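These notes are about the structure you will find just below.
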């Protein structure tokens with residue numbers, strides 16, 4: 001069996017490639033990094049190192065090869081012959097891989113009509129529709145319906161944390177990827193066509209919207225809150241931030257608020273989601289990952305978008321009558337970080353502009369009424385402990401908007 005994976009980066013090699021290989025697939029990576037492509041083709045294997053506070057475990061992933069993503073003909077040929085396809089390139093790269101995917105899927109039509117599934121491993125709501133639409137732009141109009149009928153666009157929720165690889169992590173082995181041991185891959189059961197592939201750690205689920213929201217509004221939310229509060233306290237690493245009792249309390253509170261809203265919206269087990277939050281808190285404390293607040297907190301405008309991890313989770317809470325007080329604290333810290341990074345003055349006027357421009361919130365919006373008073377405390381330079389005390393008092397008296 002042959003699998004093609006767009007993206008030989010941290011998630012591509014460190015998670016998806018490993019799962020596919022361990023499930024019996026020969027894996028071909030598609031990437032534009034010539035050094036990675038050459039090295040993979042020379043060695044035909046690489047190491048995934050699972051790291052924890054207790055040590056590490058090495059897993060050799062083989063056989064693998066790589067194709068230069070700029071070689072459209074070679075990429076299309078690999079797509080045409082693949083039994084399974086995945087993407088792990090980042091949201092912004094999806095339009096760039098669509099032409100070669102379309103060419104390969106068109107070639108499949110001339111050789112055979114065997115269905116193929118594309119597992120889309122991107123942090124994007126409705127990633128299946130986004131990739132389908134991009135590919136459709138490059139398909140022949142006469143065959144587009146027949147081609148798409150034989151392609152499954154399968155959303156996935158990527159839970160494994162894979163940080164930027166430091167020189168120390170890759171010392172002596174530039175292909176090595178250091179990861180946490182978590183290895184589950186929830187996927188959209190309804191997105192598949194044909195037979196369901198047998199993939200290690202894969203959890204087919206329907207309706208998948210719950211898993212997507214769980215990943216974005218609990219995992220990504222908590223990670224972002226940890227990063228922005230860590231930045232405020234001038235901490236470099238995520239494990240340092242989550243090790244701070246005040247930051248830990250706020251992050252946990254934010255994730256529990258979102259968990260309560262999701263449990264109500266999808267009629268899911270509140271206890272199971274609470275356990276998931278506890279597990280994530282401990283995983284954030286993995287010192288061996290050396291994950292930085294700067295990496296987790298990058299691209300603030302995207303993470304403040306109306307449906308993304310911060311504002312989207314807060315909207316979800318309001319819809320389920322859950323007070324998003326702790327989430328608002330993470331939002332306020334994100335606004336503070338954005339203003340700081342852009343060398344703007346920390347003023348309420350600038351905070352209102354950031355929320356308007358990136359989160360779609362007017363100052364009188366209920367979420368802005370939660371966020372702006374907490375932002376004002378950060379702008380005054382108050383400690384996270386003081387902010388935590390304030391929001392806990394707000395929660396205890398049950399006010400709507402702090």
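Read the figures in this text as sums done on the coordinates, not as results from a lab. Remember, it's a predicted structure, so these values are computed and weren't measured experimentally. Positions of Cβ are generated from backbone atoms using ideal geometry, with glycine treated the same way; all protein chains shown enter the neighbour counts.
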Exercise. Kindly express, to the nearest 10 degrees and within the range 0 to 90, the angle between helix 366-379's C-alpha long axis and the longest C-alpha principal axis of the chain.
Key: 70 degrees
Quiz item: What is the packing order of peptides 298-308, 177-187, taking the mean over residues of other C-beta atoms within 10 Å and listing the highest first?
Solution: 177-187, 298-308
Self-check item: Computed over the range 2-205, Kirkwood Rh from alpha-carbon pairs, angstrom
Solution: 17.0 Å
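Write down the Å³ per residue value for the convex hull defined by the alpha carbon atoms of the chain. Mind dumping the intermediate values first?
Numbers: hull volume 57.1 nm³, N = 402.
Taking the convex hull of the Cα positions in the chain, it is 142 Å³ per residue.
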Quiz item: Pairing the Cα long axis of helix 270-284 with the longest principal axis of the chain, what angle in degrees results, from 0 to 90 and rounded to the nearest 10?
Solution: 80 degrees
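Determine the percent antiparallel among the DSSP beta bridges restricted to the chain, to the nearest 5. The partial results should precede the final answer.
On the way: 9 of 38 bridges.
Just about 25 percent of them are antiparallel.
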Quiz prompt | Sequence-separation-based contact order of the chain, relative, with Cα cut under 8 Å and 6+ spacing, percent | solution = 12 percent
Exercise. Taking the chain as the reference, fit the longest principal axis to its C-alpha atoms, fit the long axis of helix 384-397 to the helix C-alpha atoms, and give the angle between the two in degrees, 0 to 90, nearest 10.
Key: 80 degrees
